[in-house]
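Student: My questions will all concern the structure given below.
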Amino acid sequence: MVVTRFAPSPTGYLHIGGLRTALLSYLWARRNNGKFLLRIEDTDFSRNDEAAALAIVEAFKWVGLEHDGTIEYQSSRLAIYQEYAQKLLDSGKAYKCYMSREELDALREEQMARKERAKYDNRYRDFTGTPPEGREAVIRIKAPLEGSITVHDGVKGDVVFNVADILDDFIIARADGTPTYNFVVAVDDALMGVTDVIRGDDHLSNTPKQIVVYDALGFALPRFFHVPMIHNHEGKKLSKRDGATDVMMYKEMGYTPEALLNFLVRLGWSHGDQEIFSMAEMLELFDPSDINRSASVYNVEKLDWLNSHYIKNMSNDKLCELLEFHGVMLVSHDKREILLDALKERAKTLVEMATLINEILVRPAAFDEAALKKGYKEDSKVILEAFAQALKNSTELHLPSDYHHVMEAVVAQLEIGFGKIGQPLRVALMGKLSGPGLDSVMAIIGVDETLARIDALLKH
RNA sequence: GGCCCCAUCAUCUAAUGGUUAGGAUUCCAGAUUUUCAUUCUGGCCAUACGAGUUCGAAUCUCGUUGGGGUCACCA
């Protein structure tokens, strides 16, 4: 049984980097018919954790991830941590330290002055005397004093840490009794039965500490996969400052979950030359051992490309449904199919698509100056009048091809090129010189609206 | 600064020690299109540097440089 977990701290939203590790954990669990657990790391009590958890679940729901079991809140597991801390105390693997913060700070300063690594000096490690008056004790775990700790990492390989370089008897419970991060992570992962820890490689240097806890408590170690960070364009860890870190903002911006997941799974992982991965394919192919060791840069252009790919290949029903979020209601529009077919190849995002739809459906409020100058010449008026007349004389105008035939006839009759009619007509219909095929536009808005728009330009 | 990690086109990446170092995105050009976009075709662009091992190195070893992460009674 493979059990993975996603363990964010409650920031109020799901971070894009978080979504990636969540996705990878999810894929690996599902691929092995295992479990994917969700735990909120809220040992510092400073935020509204329920709301934060909800935000994560909402984002999960949007992209189609689902966690198993109930959400674990560390804040409601304090008794458990106390129990295990007590066990360590009882077995002599941890001890109370009565050093004050002032003393600790002083020690650190001293060490820094000597250019030494700041570390606890073990002064209470074997303390048996009477504790100083009125001091709240912290609990420190007895870390090994020499030798090394090796993290067998599924991504990075074996990483060896020299105990003397990195460890000291670190605090597992604060003076107020609350537990600290490296302690609770190890306890929770062990108790929740997590077999595969997939997380950002910024946690790699925490891992030896967690291993110390595992060992002290006699827990079996999970497999570790430390996946490289996603960097911004400056090559730094992605942060709020880079904008667009909240997953739900991608929904706002008109990205599809499929594109976003496809984009994220390809950051640091690949399968030959394949670029497009459905959820089913990811589930079939993803293996955390195949993850690259190096960080990757977050690059929006590829996301855009993927997004346009998924929009292009989406059914109109689905598209219609998604567009509603962006304020476009098309369910009852009789020319819906023509409209969506004409536009889905042109839009990179659903927001763009919504804009394009409105540009067609809503009569242009004004004609673009440059377009007028370039597309509406002296002879245009006559041509447009002829075309309008031809439309009036036609019956049974429904499909784009019907309108195309009328255009062809007018062009032949006047012995002019397509551009002569296309440009002014485009100005009339769209108010500018770019847009989808004119025959499609006319089919969508219908004869009456087409004539009205031509008329508006002629009277302009 | 200590410790740890990393290093192939601008970006994401591929390459049993033997390839003209491949694909994708971006960009550029051409074709298609009444326009723009799409699509298609083509093009530009990379093994950080230096040693070593080897008949042969992007690939193995060492060093250099560069980048990143982490060093709390935060998570």
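The values are calculated or read from the model by the stated rules, or taken from the named source; none is laboratory data. Keep in mind the model is a prediction, meaning the values are calculated, not measured. Glycine also receives a Cβ, built like all others from the backbone with ideal geometry; neighbour counts cover every protein chain displayed.
Student: What are the residue pairs meeting all of these: first residue in segment A:298-326, first residue closer than 18 Å to A:Gly17 by Cα and part of a loop (DSSP other than H, G, I, E, B), second residue near RNA strand B (Cβ under 9 Å from one of its atoms) and among the β-branched types (Val, Ile, Thr), Cβ atoms under 6 Å, and 6 or more apart or on different chains?
Tutor: Final answer for the pair search is A:Tyr298/A:Ile230.
Student: While we're looking at this one, here's another question. For residues in segment A:24-58 being within 14 Å of RNA strand B (Cβ to nearest atom) and either within 19 Å of the chain's Cα centre (by Cα) or more than 25 Å from A:Tyr81 (Cα to Cα) (or both), which is modelled with the lowest pLDDT?
Tutor: So the residue we want is A:Ala52.
Student: Let me ask you something else. Spot the failing condition for A:Tyr124; the list is (1) over 15 Å from A:Asp169 (Cβ atoms); (2) more than 9 Å from RNA strand B (Cβ to nearest atom); (3) surrounded by 15 or more Cβ atoms within 10 Å (Cβ to Cβ), and only one is missed.
Tutor: (1)
Student: What's the number of the condition A:Arg199 fails, among (1) closer than 27 Å to A:Val160 by Cα; (2) not in a strand (DSSP E or B)?
Tutor: (2)
Student: Of all the residues that make up segment A:167-190, how many are closer than 21 Å to A:Asn33 by Cα and in contact with a helix residue (DSSP H, G or I) (Cβ under 7 Å, 6 or more places away or on another chain)?
Tutor: Matching residues across segment A:167-190 total 1.
Student: Could you go through segment A:329-348 and let me know if any residue there is within 20 Å of A:Leu260 (Cβ to Cβ), within 12 Å of RNA strand B (Cβ to nearest atom) and not small (Gly, Ala, Ser).
Tutor: Within segment A:329-348, one or more residues are within 20 Å of A:Leu260 (Cβ to Cβ), within 12 Å of RNA strand B (Cβ to nearest atom) and not small (Gly, Ala, Ser).
Student: Could you say whether any residue in segment A:131-139 is more than 8 Å from RNA strand B (Cβ to nearest atom), in a strand (DSSP E or B) and touching a residue at least 24 places away in the same chain (Cβ under 8 Å)?
Tutor: yes
Student: Let me ask something else. Does segment A:158-179 include one or more residues that are within 13 Å of RNA strand B (Cβ to nearest atom) and in contact with a His (Cβ under 7 Å, 6 or more places away or on another chain)? Before you say what the answer is, go through the steps one by one.
Tutor: As a first pass, look at segment A:158-179 and keep what is within 13 Å of RNA strand B (Cβ to nearest atom): A:158-179.
If we keep only those that are in contact with a His (Cβ under 7 Å, 6 or more places away or on another chain) too, we end up with A:158.
Yes, segment A:158-179 contains at least one residue that is within 13 Å of RNA strand B (Cβ to nearest atom) and in contact with a His (Cβ under 7 Å, 6 or more places away or on another chain).
Student: Next up: Could you list, in sequence order, the residues of segment A:287-308 that are of a type outside the set (Asp, Glu), within 27 Å of A:Gly154 (Cα to Cα) and either within 8 Å of RNA strand B (Cβ to nearest atom) or surrounded by 14 or more Cβ atoms within 10 Å (Cβ to Cβ) (or both)?
Tutor: A:Pro288, A:Ile291, A:Asn292, A:Arg293, A:Ser294, A:Ala295, A:Ser296, A:Val297, A:Tyr298, A:Asn299
Student: Which count do you get for residues in segment A:276-286 that are exposed (fewer than 13 other Cβ atoms within 10 Å of the Cβ) and either more than 18 Å from the chain's Cα centre (by Cα) or within 12 Å of A:Pro228 (Cα to Cα) (or both)?
Tutor: 2
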